[in-house]
Each structure stands twice: as structure tokens, then as C-alpha cells.
Amino acid sequence: MHNTFRRRITFILFASITIWVFLWYTHDLVNKLNQSSRKDCETIAWLWAGVQYPLSVVGDGSGIMSCAVCGHPRERLNLSVESESLFCPFCNDTTLFIHTARLLPQERVEVIDFTRRLFGDLVNRLDFPTIFADADNCPQIVNGEVVDGLPSDRIMEFRKMMELLAEENDPIPIVAKGDTIGHLFYGTSPLNTEMRLIPFFELALLFLIAAVVFIFLRAEVARDKDLSWVGFARETAHQISTPLSSLMGWIELLKDDPELADVSDLSDALQHMEVDVARLNSIAQRYGQMGRLPRLKPISIEETVSGVVNYFNAREGLLGHGVVLKADQNRDEHIIIGNSVLLGWVIENLIKNAVASCAGKPDGGKVTVTCEYPHTGATEVEVKISDNGYGIPYRDQDKIFKAGFTTRKGGWGLGLSLARRIVEEYHNGSIRLLSSTPDLGTVFSILLPLKGGGDSDNYTVGG
């Protein structure tokens, strides 16, 4: 079992490391996507800055001076002169240069509009919001659309959007000839947003898998533990059955001896021995069937309780000095679907604990078992086992049903945990500690559903 557990732990560690590596890779991939988006935006900003100077020249209305012979252009230095004689390097002579426009006004507007539309289409292909703003942070192009001439309230909306975008990513400056002529504000791609969430989903998945595997391992360990106890119980029952059969045979021989039949004390002793051996045989058979569903049938809970109480009262050694055990039952009979051997063992176990708690009480101990309805109109019967013993310490009251927990020297700590399993799993009932006060006593409660459904019920569940 330990080797299997170690193999499973090794697998869990390997799976965890693999998921963490993939988590790191995904996080690194998200960072690379963000860097790639910023590079794209920087490229657009540089390209936009690069065309600002040519556009300013195109938009210059001062015009140029052109050679009247060959048309060679040169800068117009004197804006007040419309024509002058200048040396033309192409004509290699002094010719007349005449003032001409670079482009017609309509042509200049068309060139500027074309360039803006070109960049608008380019920006519009991006899957995240962008805003081109001038040096005064006045928006010029928003998501590829020129915003010239829009109302002031719309401009204010774009400014607020720019503030939000600036919180997501640092604006990219647009630099032309060493001067910052504006900024490019941009947001985050929906794909990047989704990618950022992936590491969190992976982390949640990692914890979920770890929780499921932990629960699975815990259940496996508990199952292996249960199987070991089942095997131990069956083997013990098998070993006990042989001497029990022998004892039953010897008792029968003693009962048939005519010389011993006239000895009244010996006859009574043989009767008690026969009851005890039969009881041991019944318990051994039940332990031999551990791991199987018990056979259930209609039984009287009062009869089961009376049988256990009478068994204790007939053997003063089981009660100890000064302990009084009684069954406080009314005349009503409560029929349940159950197994009298198992329920008798549960009640016996609780009575033993109560008797042990009362041991040494100076004024004597008292243990009472009652069967009654917990409330009017109830569909279940409540069996209470109460005592006036030393009680259970408050610090231990929430641990008493855990397997292996015991306060008794040499105890196994299995009695109450097995009792809970018998009541809850096999009889669909409940068992709980109602109250326990140090030096005053303890009360346990067992709730069992009453028989219902008529004669068609399947009473022979299990084998």
C-alpha cells in the first residue's frame, strides 16, 4: 500500500510540475503578445511621423520657382517676387524662373485626405482601440476615423477614452525631426485579454485536480484501511469459530449428563454459558460476513433493547459495583427494518461506555435506555442511552466518532466509529452525542426510521 501511495504521490508531483511549466510558458507567451502589439503600434507611430514632413511640404501654399525653359524647380526664397532670372543647372545658363504652385489647392486636399484614409484603414485593421492625438493631446484619428469637426462633447469622450487607454498601456510618442508632434494611445487586444486569463484558469484547474486527487487518495487509503480491517475481522471470526463449536458441543454433553442435571447451580450456569456461547457464535458469524450488506427484516427495537439490558443485568460482573442499568420503555412497540444483531451490538457498546463512565462514582452510577418518539407525528424512533457518569471532556466531544480516537488505556478507538457506520450506512439512521457535562453525565441518541410501505417491502437486503 505504501509503494502504491508513493507512486501516486510521484505522479501528482510530476503532473503538478508539468502544469506549472505550461503555466509559466503561457504567461511568457502573453507577455510576448503584449510586446508584439506595442511593436506594431510603434511601427505605425513611426510611419505616421515619417509622412508628416512630406505632408507639410505638400500643404505649403507658398509654391516653388520653376525654370521657364526646362521646368527645373528650386525653392522660392523671396515670397514677394513672382519671377526672376536665376542660373539653371540643367540648362547651364541663366534663365527666367517663374513662381508656380506645388499642387493645386484641391490636389493638396486630396493628397492629405488620401494619406489620412490610408492610415485610418491601416489602424482600423487592428483589433484593439487606438487614438492619434496631437502635441496638445487633442484627438485626431480614433479607431481609424478622422474626428475633425466633431462636437466638443464627443471630443471630451475621446479624451476620457485616452485616459483609460493610458492606464492600460503607455502612450507611444510620435516624433518628427526631433520634435514630439503627438502620441498614439492604444488598448489591449481581446485575444491578449483572453490569454491573460488562461494562467488563472490553469491555476484553478491545478487546484481542482489536486483537490480531486487528494480526495481520491484519501478515499483509497480509507478503503484499503477498511479492507484490512475486514480481512482481520473475517480471519478472527474464522479462528474463533472452531473453539466455539467445540464449546457448544461440550455444553451439550454436560446438559445430557444425568448426574449433573440434578445440580441446580450447575444447571443455571450451563444455561448462561449456552446463551453466552450462542451470542459469541452470532457475533463471530457477523464478523465473518464483514464487508457484505447485512440482512434486514422487521424487528422490534424494544425487544432488541430489552435483550441487551437483560443480558447485562444477568451478569453483575459486566455492570461493576453500584451501577444500575434499566430500560425505561412504554407499552408501545416500534417496528423498524434492521438487523437485531448489529443494532444490539451498537446499544451494547454505548452501554459499556456508560458503565465505564460511572465506575467509581461515590453515590453509585445509573444508566438508562429509553425508546420513544422524538416528537409528535415523528416517522422515526429515538433510542437514548443516558448516564450520570463523569462525562466526556469538552475538548474531545467532536472527536469521539473518529476511528482510532480513544481515551481508554488499551482501547482501539473503533467502537463509536463502527456504531455510526452501522446506524447510518446500514439502517439509514443517525447517532449523535446529545449532551455531555463533566461530572454530571452523558446522553447519546440513536434515530431509526420506522417501518413503512406495507408487506411489499423488501426486508431481505444483503446476505
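The values are calculated or read from the model by the stated rules, or taken from the named source; none is laboratory data. Every value quoted in this text rests on a predicted model; they were computed, and no experiment measured them. Cβ placement follows ideal geometry from the backbone for every residue including glycine, while neighbour counts extend to all protein chains displayed.
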For this session: List the number of the failed condition for C67; all other conditions in (1) of a type outside the set (A, V, I, L, M); (2) surrounded by 13 or more Cβ atoms within 10 Å (Cβ to Cβ); (3) modelled with pLDDT under 80 hold.
Result: (3)
Problem set entry | I198 vs. criteria within 30 Å of I17 (Cβ to Cβ) and in contact (Cβ under 8 Å) with a residue 12 or more places away in the chain | yes
Seminar exercise, completed: By residue number, the members of the stretch 172-211 that are modelled with pLDDT under 80 and among the β-branched types (V, I, T) are I174, V175, T180, I181, T188, T193, I198, I209
Seminar exercise, completed: Subset of the stretch 348-391, residues closer than 17 Å to R315 by Cβ, part of a strand (DSSP E or B) and modelled with pLDDT of 90 or more, comes to V367, V369
For this session: Look at F90 and say whether it is modelled with pLDDT under 75, surrounded by 11 or more Cβ atoms within 10 Å (Cβ to Cβ) and not small (G, A, S).
Result: no
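Residue-wise test of (1) assigned by TED's automatic domain parsing to the domain that holds T180; (2) modelled with pLDDT of 70 or more.
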| residue | (1), (2) |
| --- | --- |
| T43 | yes, yes |
| L47 | yes, no |
| S56 | yes, no |
| G71 | no, yes |
| L77 | no, yes |
| E107 | yes, no |
Seminar exercise, completed: When (1) modelled with pLDDT under 90; (2) over 15 Å from F444 (Cα atoms); (3) not in a loop (DSSP other than H, G, I, E, B) are applied to L416, the one that fails is (2)
Exercise. Out of curiosity, is G364 surrounded by 15 or more Cβ atoms within 10 Å (Cβ to Cβ) and in contact with a helix residue (DSSP H, G or I) (Cβ under 9 Å, 6 or more places away or on another chain)?
Worked result: no
For this session: Those residues that are touching a Cys at 6+ places or on another chain (Cβ under 9 Å) and in a strand (DSSP E or B), I need them from the stretch 66-99; list them, please.
Result: C67, P73, R74, L86, C88, T94, T95, L96, F97, I98
For this session: State whether one or more residues within the stretch 139-157 are loosely packed, with under 11 Cβ neighbours inside 10 Å and under 15 Å from R38 (Cα atoms).
Result: no
Seminar exercise, completed: Here, helices (runs of 4 or more DSSP H) confined to the stretch 212-316 with at least 2 residues that are modelled with pLDDT of 80 or more are 301-313
Exercise. Taking the stretch 153-190 on its own, how many of its residues are touching an Asp or Glu at 6+ places or on another chain (Cβ under 6 Å), among the aliphatic types (A, V, I, L, M) and within 15 Å of N143 (Cα to Cα)?
Worked result: 0
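Name the single residue, out of those in the stretch 149-171 being within 18 Å of A45 (Cα to Cα) and out of contact with any Phe, Trp or Tyr (no Cβ under 7 Å at 6 or more places or on another chain), that is modelled with the highest pLDDT.
Only one residue fits best here, namely D170.
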